[in-house]
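Heads up, the thing below is written out as structure tokens.
Readers should treat all values here as calculations from the given coordinates under stated rules, not as data from a laboratory. It should be emphasised that the depicted structure is a prediction, and the values quoted were computed from it without experimental measurement. Don't worry about glycine lacking a Cβ; one is built from the backbone with ideal geometry, like all the others, and counts go over all protein chains shown.
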Amino acid sequence: MDGTYSLAGFAVGAVVGLTGVGGGALMTPLLVLLFGVHPATAVGTDLLYAAVTKTAGSAVHGSNGTVEWRIAARLAAGSLPAAVLTLAVLAQFDLHSPQLTRLVSAILGAALLLTAAALLLRRRLLIWTRAEAAGDSVRRTWATVAAGAALGVLVSISSVGAGALGVTALLFLYPQLTAVRVVGTDIVHAVPLTLVAGVGHWWLGSVDWALLASLLVGSLPGIWLGSRLAVKVPEALLRPLLATLLIAIGSKLTAPLLG
């Protein structure tokens, strides 16, 4: 049990509690850049970390009735098969090879930049989508499955995307939903996705159990504290700060490929 990892888990947990996003987007690059954890191990460990921490959030949203279970099932219909197929492809390679390490780092960086854009544009997207027509329900159903598949691939490779990118997809597809139902549905969908992807990475040998335990010791009280403070800290301040941090980290991870 490492107290430094627990402190990092507490900090990230508090951010997740405050903003609703940032678990994979902060924890994985933190492990890679600050603690020197191999990218594949960081991704695999963070996926199981996310599955455990978001289960608590799912329970709260479920008891409050702020989950659209049918929509979550549509997302899962795309994301879970996509995650399994992605893991099957990854199993054909050496996850610790320099080439795959560079690829994981690049995809992680790109996912962080997309997440930052989703955070910065979320309010504008919400206004725009609610002004649009609801659209054809059959097409929306298939679009939801497709969005889930894209999330399944991205999350399985980088551990990033289930939060802000999932919420952004739901805002586009279901503008009639209230913000709290969008967040609740996204969190519920993230649990089976991160669990399946995390178990897959365990099978691939890219999970550090001691690291996972250390992170969870700090993250669970961190999420509780962040959730309690969320009503007191203005979202207009938090989201730009988080987006700026993600842009900086994402740029650092993608810089070797551009240089």
Can you give the relative contact order of the chain as a percent, counting alpha carbon pairs under 8 Å and 6+ residues apart?
44
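Mind sorting 172, 35, 10 by how few other Cβ atoms lie within 10 Å of their own Cβ, fewest first?
Working: 172 17, 35 13, 10 20.
Ascending Cβ contact count within 10 Å gives the list 35, 172, 10.
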Treating the Cα atoms of the chain as identical point scatterers in vacuum, please give the log10 of the normalised Debye intensity I(q)/I(0) at q = 0.10, 0.12 Å⁻¹, two decimals.
-0.44, -0.65
Once phi is turned into ³J(HN,Hα) by the Karplus curve 6.51 cos²θ - 1.76 cosθ + 1.60 with θ = phi - 60°, what whole-Hz value does each residue of segment 32-44 show in order, with x for glycine and proline?
6, 7, 8, 9, x, 6, 4, x, 5, 5, 4, 5, x
Going by Cα centres, segment 156-235 and segment 41-68 are how many Å apart?
5
Positive-end residue of 174, 198, 245, charge dipole of the chain with Cβ unit charges:
174
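Would you work out the charge dipole size for the chain about its Cα centre, treating the Cβ of every Lys and Arg as +1 and the Cβ of every Asp and Glu as -1, and quote it to the nearest 20 debye?
Details: 15 positive and 9 negative charges, 143 e Å.
Roughly 680 debye, rounded to the nearest 20.
Pairwise over distinct Cα atoms, reciprocal of the mean inverse distance: report the Kirkwood radius of segment 162-232 in Å, one decimal place. Show your work: numbers first, answer last.
Numbers: mean 1/r = 0.0696 Å⁻¹.
So the Kirkwood estimate lands at 14.4 Å.
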What would the Debye formula give as log10 I(q)/I(0) at q = 0.18, 0.23, 0.26 Å⁻¹ for the alpha-carbon point model of segment 1-93, no solvent?
-0.99, -1.24, -1.33
Unit charges at the beta carbon, dipole of the chain: most positive-side option, 6, 56, 28:
56
Additional length obtainable on full extension of the chain from residue 33 to residue 138, 0.36 nm per residue less Cα span:
33.5 nm
